[in-house]
1. Could you tell me the calculated FRET efficiency between Thr35 and Ile205, based on Cβ-Cβ distance and R0 = 41 angstrom, to the nearest 0.05?
2. Could you pull out every one of the lysines with an alpha carbon less than 20 Å from that of Lys116, ignoring same-chain neighbours closer than 8 positions?
3. Counting only other residues whose beta carbon sits under 11 Å from that of Ser160, what net charge do I get with K and R as +1, D and E as -1?
4. In the chain, carbon and sulfur make up what percent of the accessible area (probe 1.4 Å)?
5. Hey, which aspartates and glutamates would be in cross-link range of Lys78, C-alpha to C-alpha under 12 Å, not counting anything within fewer than 8 residues on its own chain?
6. On a straight-distance basis, which lysines could pair with Lys199 in a cross-link, Cα separation under 20 angstrom, same-chain partners fewer than 8 positions away excluded?
7. Between Ala20 and Lys149, what length in nm is gained on full extension when 0.36 nm per residue of separation is reduced by their alpha carbon distance?
8. Can you tell me which of 111-124, 67-80, 166-179 comes out highest on packing, and rank the rest after it, using the mean Cβ neighbours within 10 Å?
Amino acid sequence: NTGNGIITFDGEITAIGEGAFSGDTYSSDRWCKLTSITMPSSVKIIREDAFYCCNLESIEIPNSVEIIENYAFGWCGKLQNAVIGNGVTTIKHHAFFLCDHLLSLTIGNSVKTIEKWAFDGCRSIEGVTIPNSVETIEYGAFCNFDNLKEFKGKFSSDDSRSLIVNNTIIAYAESSGDTYTIPNSVTSIGQSAFLACDKLTSITIPDS
């Protein structure tokens, strides 16, 4: 990265290494000015901290990528649009941690596992759609979403206000209302399910 703000990869690249283009979260003038990435279709892994704290505004991950590792796009505070390609199977923990200006998120139809805290702190998102391919969502994957109004797709509750996996409520859309009645299908309240839901004033827990 020369500071010009744009990187284009060329040639046969299969992995983007740990911290390859990461910036400094503690510096007021981050050295990494990266705002745009064009990746080749050969990339299979985006490794830990690869673009941590970059000034990315948009990212489209190609279908060749299979794994997005820990903090790969963590703290990309200017990121507004993220498209995760239809090849990714695993989004590891904190992969998009504190991308607090992210407005649009597309999760590809190949994703099977979303690990803990994967999208923690993406405060601007208003809606999340979970594709049918997803088998596991770990705790905290969708918490600290101040503006989240609804979940759609697999695991979403009938009222679209929560995610329910194996009869366990694991996430709540905290901007959808200040009171909530947990559905009767729920038998367990998952770790961090209502973490940081500061708008929530009342919960009704069913006999189940």
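The values are calculated or read from the model by the stated rules, or taken from the named source; none is laboratory data. Because the structure is predicted, anything quoted here is derived from the model rather than measured. A quick note on method: Cβ atoms are made from the backbone with ideal geometry, for glycine too, and the neighbour counts reach across all protein chains shown. What goes into the accessible areas is simple: the full protein's heavy atoms, side chains included, and nothing from ligands, DNA or RNA. Shrake-Rupley method; radii C 1.70, N 1.55, O 1.52, S 1.80 Å.
1. Calculated transfer efficiency: 0.35.
2. Within reach: Lys92, Lys152, Lys154.
3. The answer is 0.
4. About 43 percent, which is the carbon plus sulfur part of the accessible surface.
5. Glu57, Asp100
6. Partners found: Lys149.
7. 42.9 nm
8. Packing proxy ranking, top to bottom: 67-80, 111-124, 166-179.
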